[in-house]
Amino acid sequence: MSSTPAKSSTEPGLLRQLDYSVLQQCIHCGMCLPTCPTYDVTKHETSSPRGRIALMRAVADGKLTPNSAQFADEMYFCLGCLACETACPAGVNYAEMIEFARAEVELSGAKAGAKRNLIRAVALRWLFAKPGRLRFVARLMRMDQRTGLSAALSRLFPKRLRDLRAIQPRIAGKFSFDLIRETESPTTPRRHRVALLTGCVQDVAYASVNRDTVDVLLANGCEVVTPRAQGCCGSLMGHNGELELARRLARQNLDVFPLENLDAIIVNSAGCGSFMKRYGHLLPDDPRAKVWDKTVCDIHEWLAKIGPQPLRPSSPRPHPLKVTYHEACHLVHGQRISQQPREMLRAIPGVELVELPEAAWCCGSAGIYNITQPEMSMALLERKMKHIAATGVAVVATGNPGCIGQIRCGAQKFGLKIEVVHPVTLLAKAYRGEL
Amino acid sequence: MSLSPDTMRRLAGIVGTPNLQYSPEERIAYSYDATAMLGRQPEAIVFVESAQQISEVLKLANADGFGVVPRGSGTNLSGGTVPGESCVVLVTVKMNRILEIDSRNLTALVQPGVLTAKIDEEAAKHGLFYPPDPGSMRISTIGGNVAENSGGLRGLKYGVTRDYVLGLEVVLPTGEILRCGTKCVKDVAGYSVKDLFIGSEGTLGVVTEILLKLVPRPVARKTVLATYDSMTDAAETVSAIIAAKIIPCTLEFLDRTTIRCVEEYAKIGLPLDAEAILLMETDGHAAVVEEEAARMIDLAKRHHARNLRIAKDLAEAEQLTTARRSAFSALARVAPTTILEDATVPRSELATMIAFIQQAAAKYKLKIGTFGHFGDGNLHPTFLCDERNKEEIERVHAAFREIFEKAIALGGTITGEHGVGLAKKEFLEQFAGKTSLDLMRALKRTLDPNHVLNPGKIFD
């Protein structure tokens, strides 16, 4: 089980168990280098996808021990943005490799330390493993945020903790299940039957995005089922070296969602969707996983697929609402969804879509990267905010809770008066006639 | 032999401690370039920031007896940046400034670590154009392009890197710093020393500043995709176009195997039974472009093109060029090991050469997809294999040998744009002849008496 951080070194390494052709698929052409945010900053081959793969292969070949500090650092310095997969001519499955490599690092104990082990045990293995625990902690945070207790005491905190406070999202007044009934049916004839994944961060910080998603689905003739027993998708664990726990959570979801009665499982969080579409890789022996991978659908992808209902023209406004679109890495690179959200935004009457330079360059959120690698994360955020400021828009739309939180934090830090929303929120407003 | 602690201390003294790396991880990450199945770990890696530092590293190399391998982004396809024994890799990517764009003299002055595509992006802001476009242009460095005399898709009309280098600053293997060339279009003072370094594959000097020629940016472009039932028809179309005194900026082809792989990968509606696809583009003044495109279409029809698609706008042009641009990606996915070659023949011999490659593939039971630059005769036979299968790799080498020998027999060359490096060393003497090789060796000895700069490349 995953609760033991270190394992005996006599067992064959995880990278050695990984099908060698996955590692070998890299033809080291270097096309990924200019798209990699960490290579762009360091100009070091070791901080590039090609270099990381060479190191992983060296571990698999037994030429490098996985418990080396630099190997561990490079594996965690990677954002996991998967821009390299988009650039790769040879179709390398980097996502799977980096997951295995990080799990290997955890097994080797290279990064183990009392403090880190405790944080991982609490956050990855306890907090996010059961949605009830997360909601309980979120309620405590909400109370704290409303009473301003820790804000008042924050001057007494060490700097690291103060920085963490700055990036914590504001906990929503109500969570998803308070806003969404288990089954909701459209008033128009039913065209499709779908299920909704409410997510973890999305659920406690941005539950209204889930409500908006349901509204948009209802407006498009979809019956929406939101299973109460659903849990975390496992991406957080999978991306952070806890593959076994990720597998357990994936299996749980396979049990909970009634696959045979669904046209799609709708996800509105890029990170979850990207991971959930790869359950087949995660659970190669579970026949349900292959069907699951095909059933999971990002909300933008789904609407483009079924052809969204036309919108009423908006009430006349003196100026169009200028919106720019930031591409969440795990939408554009993880799922190759890039045009659908733009088309969705363009279809909203009264919205003018302004292209964001470097729209597909990571904002630095990257799961828990903004907590584990604050320096690099902030450098990327600054780069992103400069581009956003240059567009002069009032609204930034992006399809991932991590990005929403990160860019909101950036707006505050750089004093930018912008609203940061999920595209589906704008669409829901338009359907409700509120835009 | 590893470097002595004293040598390491001196290296650190020259480049600064953070710019000297030698951990096992770093040595692994600088043991390869883009060439398949070649690799050797360097003793150390230095990230240089000035010509002065490079000069001092080279002087130390001569004094302490180690090799120095200059490296940009490591996209070489002939093992040119794979370290030899007892070598230090000298990385130039931190010298990455564009120093000047001179719109009055149409020149750009750049450092060697600037990415090739960035030069053209910057030129475009001034309405200018840097034409050489090697496949790796988004990551390759201009220093590497000069060292390899890189080509690209636009070679037929616009030439290769050499045609755009006006001047250089070079650190010689013994550490002296030399400048040659000027902004003058005409400059015949003495030997053309700069030409010695262009295409020298990092064996004669390290380029530290490059003065490049720029040209006006073409305003219009027209793209046509033609499909054929026979490669000979496609080849004859190309000959007819050239004979009609049209020089297209692009004349690219795909063979049957490549067409199938591209269609499987990109699903763009290519006919699976076609023998050849020809991508033709003309650029320049709008009226001329229209007229040339019309004539090319006519010539293609007369040579039995069974299908012609003419791009109405930029978006459709993009779509048509996708077929050619996905060629390498589509092939690279098919097998674990992809070996990209660049045998080149006079364009009149192209159809013969392609047929020969297909026969070699059948004879040695190999999967070879061929695509490339029809206009300049530069072929890319791409071997799809698995390096773990020793027996298959032996067949690959046997097929290589036959293909290179045939290329030479047809008046062609063993490498059109990738260089000799390590990968083609064994074929060079047969191609160039002993006298020519002796001259190259004499030049190398004169400039690099201790054999410190990129040792073991091109010849032994």
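The values are calculated or read from the model by the stated rules, or taken from the named source; none is laboratory data. All figures in this text were calculated on a predicted structure; none of them were measured in a lab. Heads up, the Cβs are rebuilt from the backbone with ideal geometry, glycines too, and the neighbour counts pull from every protein chain shown.
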- [ ] Give the number of residues within segment B:308-341 that are touching a Ser or Thr at 6+ places or on another chain (Cβ under 6 Å) and more than 14 Å from every other protein chain (Cβ to nearest Cβ).
- [x] 3
Open item on the list: It is to be established whether one or more residues within segment B:408-416 are in a loop (DSSP other than H, G, I, E, B), touching a strand residue (DSSP E or B) at 6+ places or on another chain (Cβ under 6 Å), touching a residue at least 40 places away in the same chain (Cβ under 8 Å) and of a type outside the set (D, E, K, R).
Closed with: yes
Task: Matching entry among B:THR161, B:THR182, B:THR174 (being of a type in the set (S, T, N, Q) and in contact (Cβ under 8 Å) with a residue 60 or more places away in the chain) - done: B:THR174
Task: Cβ pairs under 9 Å, 6+ apart, first in segment A:168-195 and under 22 Å from A:CYS233 (Cβ atoms), second of a type in the set (Phe, Trp, Tyr) and surrounded by 17 or more Cβ atoms within 10 Å (Cβ to Cβ) - done: A:PRO169/A:TYR206; A:ALA172/A:TYR206; A:HIS192/A:TRP302; A:VAL194/A:TRP302; A:ALA195/A:PHE257
TODO: Would you mention how many residues in segment B:376-412 are crowded, with 21+ Cβ neighbours inside 10 Å and of a type in the set (S, T, N, Q)?
DONE: 2
Open item on the list: Of all residues being without any contact (Cβ under 8 Å) to a residue 24 or more places away in the chain and within 14 Å of another protein chain (Cβ to nearest Cβ) in segment B:121-142, which is surrounded by the most Cβ atoms within 10 Å (Cβ to Cβ)? Just the residue, please.
Closed with: B:MET137
Open item on the list: Out of the residues in segment A:81-107 meeting the condition of being charged (D, E, K, R) and more than 14 Å from every other protein chain (Cβ to nearest Cβ), tell me which one is surrounded by the fewest Cβ atoms within 10 Å (Cβ to Cβ).
Closed with: A:GLU96
Task: Qualifying position, being modelled with pLDDT of 90 or more, assigned to a loop (DSSP other than H, G, I, E, B), out of contact with any strand residue (DSSP E or B) (no Cβ under 6 Å at 6 or more places or on another chain) and surrounded by fewer than 24 Cβ atoms within 10 Å (Cβ to Cβ), among B:LYS301, B:LYS365 - done: B:LYS365
TODO: Confirm whether B:ILE119 is under 23 Å from the mean Cα position of the chain (by Cα) and aliphatic (A, V, I, L, M).
DONE: yes
